[in-house]
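Visitor: One structure follows; several queries about it will come next.
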Amino acid sequence: MTSPPINVVVLISGSGSNLQAIIDARQHYPAAFNLGLVLSDRPQARGLQRASDAGLPTRVIDFEKLANRENFECLLIEAIDRSDAKLIILAGFMRILSNNFVNHYLGRLINIHPSLLPKFRGLHTHQRVLDAKCKKHGASVHFVTPDLDAGPVIIQGQIDVLTDDTAAILAARVLKIEHKILPIVLNLYAQDRVKMLQQTITLDNKVLEQPLQYNPDDNSVVDNKLTIVI
Ligand code: GRF
């Protein structure tokens, strides 16, 4: 018997292209998840329009209008918990979250990051990859832990860095990978196949030795033994 759809809350700060990928993924993963709420820390986030166009409930908790991060996070937690979310997705969410917030949702809070973690945690990853003359780049989806971009990585997708790549071109090419791997994780989590276990990840109740690898050529996902898992 398939499990009932899980309630998901998505946190955004900007364009919301990863949110759009999740919205569009519903047709591929029918009944796996409900998008209960889209929350933004910025009223001008374009992703809010994407959510409204998809008929999703939205809420702005305007960080700039609140006295401090505690008030902000208190309102965030209240909104998320009221929606009975099983999974919280940081999709282009640019606010640093406190240990208290992260620990409140440990194991059900994931983030999409535009680098091959643990390389290039933090911001401006594309330019840093070019400056470091890396040959490979990509994106990672990881469980969020108190240390920034340091949580266990669930899946990665790689691209070659090309000689004429600029940060903007790389960003656009990495974004295409992000839009594929985030819905894959969402569906694995909704099916209860992926879980966080202390600092490791289990897939189908077996510890993942390495992040899953997404292959853009055939949309397949393999584990470290190159066994196809999707
Ligand atoms: C993406 O590269 C995401 O990984 C980063 O912000 C960029 C824009 O994301 N955090 P989105 O278009 O707002 O989803």
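Visitor: I'd like to know if the range 165-185 contains one or more residues that are part of a loop (DSSP other than H, G, I, E, B) and either more than 18 Å from the chain's Cα centre (by Cα) or farther than 21 Å from Phe93 by Cβ (or both).
Guide: yes
Visitor: Failed condition for Thr166, given (1) surrounded by 15 or more Cβ atoms within 10 Å (Cβ to Cβ); (2) in contact with a Leu (Cβ under 9 Å, 6 or more places away or on another chain), with all others met?
Guide: Thr166 satisfies all of (1) surrounded by 15 or more Cβ atoms within 10 Å (Cβ to Cβ); (2) in contact with a Leu (Cβ under 9 Å, 6 or more places away or on another chain) except (1).
Visitor: For Lys176, indicate whether it is at pLDDT 95 or above, under 26 Å from Val194 (Cα atoms) and within 11 Å of the ligand (Cβ to nearest atom).
Guide: yes
Visitor: Please verify whether the range 13-35 includes one or more residues that are aliphatic (A, V, I, L, M) and over 24 Å from Ile230 (Cα atoms).
Guide: Scanning the range 13-35, I find no residue that is aliphatic (A, V, I, L, M) and over 24 Å from Ile230 (Cα atoms), so the answer is no.
Visitor: Residues in the range 66-74: is at least one more than 22 Å from Asp192 (Cβ to Cβ), modelled with pLDDT of 95 or more and within 16 Å of the chain's Cα centre (by Cα)?
Guide: No, the conditions are met nowhere in the range 66-74.
Visitor: Moving to a separate point now. With the structure loaded, tell me whether His142 is closer than 21 Å to Asp218 by Cα, within 13 Å of the ligand (Cβ to nearest atom) and touching a Leu at 6+ places or on another chain (Cβ under 9 Å) or whether it fails that test.
Guide: It is false that His142 is closer than 21 Å to Asp218 by Cα, within 13 Å of the ligand (Cβ to nearest atom) and touching a Leu at 6+ places or on another chain (Cβ under 9 Å).
Visitor: Related question: For Gly55, are the conditions met, namely being within 16 Å of the ligand (Cβ to nearest atom) and more than 18 Å from Met196 (Cβ to Cβ)?
Guide: no
Visitor: Among the residues in the range 77-99, are any part of a loop (DSSP other than H, G, I, E, B), free of Cβ contacts under 8 Å to residues at least 60 places away in the same chain and more than 16 Å from the ligand (Cβ to nearest atom)?
Guide: yes
Visitor: Working carefully through the options Lys206, Lys180, Lys195, find the one that is without any contact (Cβ under 8 Å) to a residue 24 or more places away in the chain and either farther than 23 Å from Arg26 by Cβ or surrounded by 12 or more Cβ atoms within 10 Å (Cβ to Cβ) (or both).
Guide: The match here is Lys206.
Visitor: Every residue in the range 14-42 that is among the hydrophobic types (A, V, I, L, M, F, W, C) and either near the ligand (Cβ under 10 Å from one of its atoms) or surrounded by fewer than 18 Cβ atoms within 10 Å (Cβ to Cβ) (or both), please.
Guide: Across the range 14-42, the qualifying residues are Leu19, Ala21, Ile22, Ala31.
The values are calculated or read from the model by the stated rules, or taken from the named source; none is laboratory data. Note that the coordinates shown come from a computational prediction; the quantities given were computed from them, not determined experimentally. Neighbour counts are summed over all protein chains in view; Cβ atoms, including those assigned to glycine, are modelled from backbone coordinates with ideal geometry.
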